[in-house]
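The values are calculated or read from the model by the stated rules, or taken from the named source; none is laboratory data. What you are looking at is a predicted structure, and each value in this text was computed from that prediction instead of being measured. Quick reminder, even Gly has a Cβ in these numbers, built from the backbone with ideal geometry, and neighbours come from all protein chains shown. We work out accessible area using only protein heavy atoms, side chains counted, and drop any ligands, DNA or RNA first. Shrake-Rupley method; radii C 1.70, N 1.55, O 1.52, S 1.80 Å.
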Amino acid sequence: ITRNKQWFYRLTGETQLLADLLAQSLAIFIRVTAIVITLYILGAESIVGLIIGTAGVFGLAISFAFKDIIENYIAGIILSIRQPFRKGDHILVADHEGIVLRMTTRMTMIKSFDGNNVSIPNATIFKSVIINFSIIPERRFEFKIGINPDADPNFARKIGLKVLTD
């Protein structure tokens, strides 16, 4: 069931990260359920309780040890559900601007306009303001032009409008 990724891809609205995550989670759930049922059939109910209790304590210890990784993982899941950007979008997040290359469960890779690959942790993206320049192509730009105080402002405005028109 979990090897047929196309089914998960269609189920999650064509989000590759979420489809992979769902398939892996289902595979783990099926394996754990099979082990528990097998132990019950073999009459080892006490071992099942011991394994579940140990897994709970172990999970708690791991969650404290890997807090940042878990935070990035959960942020990645939420970002893949909300989809504030897609692959190929031009975004600005946490003072990093570029084109989205890919998103994993731990980080998002963007290619900055100076050619660098930038890896931004998903928790940083989740906590930051995201500007997606690709959603609405019409934007307003603001820039300042300095002119000589002795120059004619109407002439400068005509030149500026001509340059923008061209």
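Return the calculated 222 nm mean residue ellipticity for the chain, to the nearest 500 deg cm²/dmol, obtained by summing -39500 (n - 2.57) across DSSP H runs with n ≥ 4 and dividing by the residue count.
Numbers: 6 runs with 89 residues, N = 166.
After summing the helix terms and dividing by the residues of the chain, the value is -17500 deg cm²/dmol.
Taking only protein heavy atoms into account and a 1.4 Å probe, give the accessible area per residue of the chain in Å².
Averaged over the residues of the chain, the accessible area is 75 Å².
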**Study point:** At q = 0.11, 0.13, 0.14, 0.23 Å⁻¹, base-10 log of I(q)/I(0) for the range 38-124 (Debye sum, equal scatterers on each alpha carbon)
**Key:** -0.48, -0.57, -0.61, -1.04
Check your understanding: Taking the inverse of the average 1/r across all pairs of different Cα atoms in the chain, what Kirkwood radius in Å do you get?
Key -> 20.5
Exercise for review: Sum up the lysine pairs in the chain that clear both bars: alpha-carbon distance under 25 Å and a spacing of 8 or more or different chains.
Suggested key: 7
Practice item. State the percentage of accessible surface on the range 104-162 attributable to carbon and sulfur atoms; use a 1.4 Å probe and exclude ligands, DNA and RNA. Key: 58
Study note, to complete from the structure: For the pair Q24 and A65, the simple spin-label estimate (label points 7 Å beyond Cα toward Cβ) gives in nm 1.8
**Study point:** Theoretical gain in end-to-end length, E97 to N4 [0.36 nm per residue, Cα-Cα removed]
**Key:** 29.9 nm
